[in-house]
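Colleague: The structure is given below, and queries will be raised subsequently.
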Amino acid sequence: MTEVVIIGAGLAGLSCALSLEAAGLSVNLLEASDAPGGRVRTDLVEGFRLDRGFQVMLTAYPEARRLLDYDALELRKFEPGALVWHGGRFHRFADPFRNPMGAARFLFDSIVPLADKLHVAKLRGRVQRGRCEEIFARTEKTTRVYLQAFPFSPDIIDRFFEPFFAGVFLERELVTSSRFFEFLFRMFSLGDTAVPAAGMQQIPLQLAAKLRAGTLLTAARVSKVTRSAQSFQLEIEGKNKQEAHAVVLAVAGNEGNRLLGGVGGWSVPEVRAWNKTTAFCYAAQQAPVNEPIILLNGEGRTAGPVNHVVVMSAVSPQYAPPGAHLVVASVVGEAPAEDAALVRLDQAVRLHMRKWFGPVVDSWKMLGAYTLARALPQQRHAEWEQAPVRVVGTGGVYMCGDYRETASIQGALASGRRAAEAVIKDLRGI
């Protein structure tokens, strides 16, 4: 008999397990795949490190700062700002507070009106005031409506905010909650955007290494959760059943409801909509850009399917073998399910990037393409740690995940901690 079994070793499940073990509870963490991480995984292909979709870590996230050893991760930072393609060339959007030289050039660049540049500074000041919790008490609207009311011009919304935050939200209409936008703008302003030197999966691997020996069990796919008078039983494919006083579903609600099977009328809130993306990973002999900076499509969707491009080997040399470079191009809102459609999208992506980098794009070797139909939960509404963690009517089943908080590393880690706090309170009365 284990006190708590957690299903799912993504960031939320790992965070939950660490909090429970810190409180002295016995924990089993069951992961269906071959390694922890959930959606945060890195594949090694021909000496290249391919994150499963373009992902970054914001060092200002409160939960990440609490749980992670940044020095051990050997974080490699992105240059603040972006290079925006518009009108046949790249324009530099720089953070005047952290890149004064770049900002000086941006100030005199006519790509957006001067008033917009002043509004950016005003926005930065607004989001940094008060505590994070206060942002989530503000009036909520869509991000696009919020930006239009600030008021930013259509130029800066279309050429910078839309492609930049489309890469964060994984949706281009900017229907994401303005509260979440303000929180993220605060995080971008207060900290660095970075990746671990050896890939994003180093984050869950570091968390897993802190667990007690034997806590994490991989290749353990739970097929069903049932309840007896005093405990819960978990059926695991190809393995012995496990029994526990409490169960934490660190999986999306859709999967949680499958595991519960409707027993006793239990129901987990589902992720009603997912944002989609496709990331193409290319090997290049020469880097099209030698800076650790994001390149944005500032000409809109009619110009081509690419939303943003990053030379990951310029961010961290460990992403590519010596003498080679890794280029990742991301498409937002598309995740083809058929090979033929994926080939057509690759062709359209290369055609689009030829406008930026020239015919050398045709020589780049495709290393992998990640079509992620369930890349990120849609965030039309956002609260600060308010979502319930107990599954109503079960008396012992809990839930966590970024779909319960904010669709981010911060949200996943916070949700796991909050689920653990509820378990500890219920089992120990603490």
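Colleague: Working only within the range 137-169, note down all residues that are in contact with a Leu (Cβ under 9 Å, 6 or more places away or on another chain) and not in a helix (DSSP H, G or I).
Modeller: Kept after step one, since they are in contact with a Leu (Cβ under 9 Å, 6 or more places away or on another chain), are these residues of the range 137-169: 142-147, 150, 152, 156-157, 159-169.
Correct list: THR142, PHE150, PHE152.
Colleague: Check off (1) of a type in the set (Gly, Ala, Ser); (2) within 30 Å of PRO288 (Cα to Cα); (3) crowded, with 21+ Cβ neighbours inside 10 Å for GLY401 and give me the number that stays unchecked.
Modeller: Status for GLY401: all satisfied but (2).
Colleague: Residues ALA283, ALA250, ALA246: which one is modelled with pLDDT of 95 or more and under 19 Å from the mean Cα position of the chain (by Cα)?
Modeller: None of the others qualify; the one that does is ALA250.
Colleague: When you check GLY416 against the structure, is it in a helix (DSSP H, G or I), without any contact (Cβ under 8 Å) to a residue 24 or more places away in the chain, surrounded by 13 or more Cβ atoms within 10 Å (Cβ to Cβ) and not aromatic (Phe, Trp, Tyr), yes or no?
Modeller: no
Colleague: Return the residues of the range 36-69 that are hydrophobic (A, V, I, L, M, F, W, C), closer than 19 Å to THR277 by Cα and in contact with a Cys (Cβ under 9 Å, 6 or more places away or on another chain); say none if nothing qualifies. Steps first, answer last, please.
Modeller: Kept after step one, since they are hydrophobic (A, V, I, L, M, F, W, C), are these residues of the range 36-69: 40, 44-45, 48, 50, 54, 56-58, 60, 64, 67-68.
Adding the requirement that they be closer than 19 Å to THR277 by Cα leaves 40, 50, 54, 56-57.
Answer for the range 36-69, where residues must be hydrophobic (A, V, I, L, M, F, W, C), closer than 19 Å to THR277 by Cα and in contact with a Cys (Cβ under 9 Å, 6 or more places away or on another chain): just LEU50.
Colleague: If you go through the range 152-161, how many residues are in contact with a helix residue (DSSP H, G or I) (Cβ under 8 Å, 6 or more places away or on another chain) and either under 16 Å from PHE185 (Cα atoms) or buried (at least 21 other Cβ atoms within 10 Å of the Cβ) (or both)?
Modeller: 4
Colleague: May I ask you to verify whether GLY37 is out of contact with any His (no Cβ under 9 Å at 6 or more places or on another chain) and open to solvent by 50 Å² or more (accessible area, probe 1.4 Å)?
Modeller: It is false that GLY37 is out of contact with any His (no Cβ under 9 Å at 6 or more places or on another chain) and open to solvent by 50 Å² or more (accessible area, probe 1.4 Å).
Colleague: Within the range 322-360, track down each residue that is free of Cβ contacts under 8 Å to residues at least 12 places away in the same chain and among the aliphatic types (A, V, I, L, M).
Modeller: Matches in the range 322-360: ALA340, ALA341, VAL343.
Colleague: Just one of the numbered conditions (1) open to solvent by less than 20 Å² (accessible area, probe 1.4 Å); (2) not in a loop (DSSP other than H, G, I, E, B) is not true of ALA9; which one?
Modeller: Of everything listed in (1) open to solvent by less than 20 Å² (accessible area, probe 1.4 Å); (2) not in a loop (DSSP other than H, G, I, E, B), ALA9 misses just condition (2).
Colleague: Okay, moving on. Within the range 209-255, track down each residue that is touching a Pro at 6+ places or on another chain (Cβ under 9 Å) and in a strand (DSSP E or B).
Modeller: Selection gives LEU216 alone.
Colleague: Looking at the range 376-387, I want the residues that are open to solvent by 80 Å² or more (accessible area, probe 1.4 Å) and have a partner that is acidic (Asp, Glu) with Cβ atoms under 7 Å, at least 6 apart or on another chain. Which pairs are those?
Modeller: Here the result reads HIS381/GLU140, each pair linking the range 376-387 to a residue that is acidic (Asp, Glu).
Colleague: Residue under question is ARG172, and the condition is that it be at pLDDT 95 or above, farther than 17 Å from ALA382 by Cβ, not hydroxyl-bearing (Ser, Thr, Tyr) and not in a helix (DSSP H, G or I); does it hold?
Modeller: Numbers: at pLDDT 95 or above: yes; farther than 17 Å from ALA382 by Cβ: yes; not hydroxyl-bearing (Ser, Thr, Tyr): yes; not in a helix (DSSP H, G or I): yes.
Taking the combined requirement at face value, the residue satisfies it.
Colleague: For the range 325-334, does any single residue satisfy the condition of being on the phi < 0 side of the Ramachandran plot, at pLDDT 95 or above and exposed (fewer than 14 other Cβ atoms within 10 Å of the Cβ)?
Modeller: No, the range 325-334 contains no residue that is on the phi < 0 side of the Ramachandran plot, at pLDDT 95 or above and exposed (fewer than 14 other Cβ atoms within 10 Å of the Cβ).
Colleague: Let me ask you something else. Restricting attention to the range 338-373, which residues are of a type in the set (Val, Ile, Thr), open to solvent by 50 Å² or more (accessible area, probe 1.4 Å) and within 22 Å of ALA324 (Cα to Cα)?
Modeller: Once the filter is applied, which keeps residues that are of a type in the set (Val, Ile, Thr), open to solvent by 50 Å² or more (accessible area, probe 1.4 Å) and within 22 Å of ALA324 (Cα to Cα), the range 338-373 yields only VAL360.
Colleague: Related question: Looking only at the range 287-302, filter to residues that are farther than 16 Å from GLN55 by Cα, out of contact with any helix residue (DSSP H, G or I) (no Cβ under 7 Å at 6 or more places or on another chain) and in contact (Cβ under 8 Å) with a residue 24 or more places away in the chain; which one of those is surrounded by the most Cβ atoms within 10 Å (Cβ to Cβ)?
Modeller: Of everything passing the filter in the range 287-302, GLU299 is surrounded by the most Cβ atoms within 10 Å (Cβ to Cβ).
The values are calculated or read from the model by the stated rules, or taken from the named source; none is laboratory data. Treat the numbers as computed from the prediction; the structure is a model and nothing was measured. Cβ atoms come from the backbone with ideal geometry, glycine included; neighbour counts cover every protein chain shown. These area figures cover heavy atoms from the full protein model, side chains too; ligands, DNA and RNA do not enter into them. Shrake-Rupley method; radii C 1.70, N 1.55, O 1.52, S 1.80 Å.
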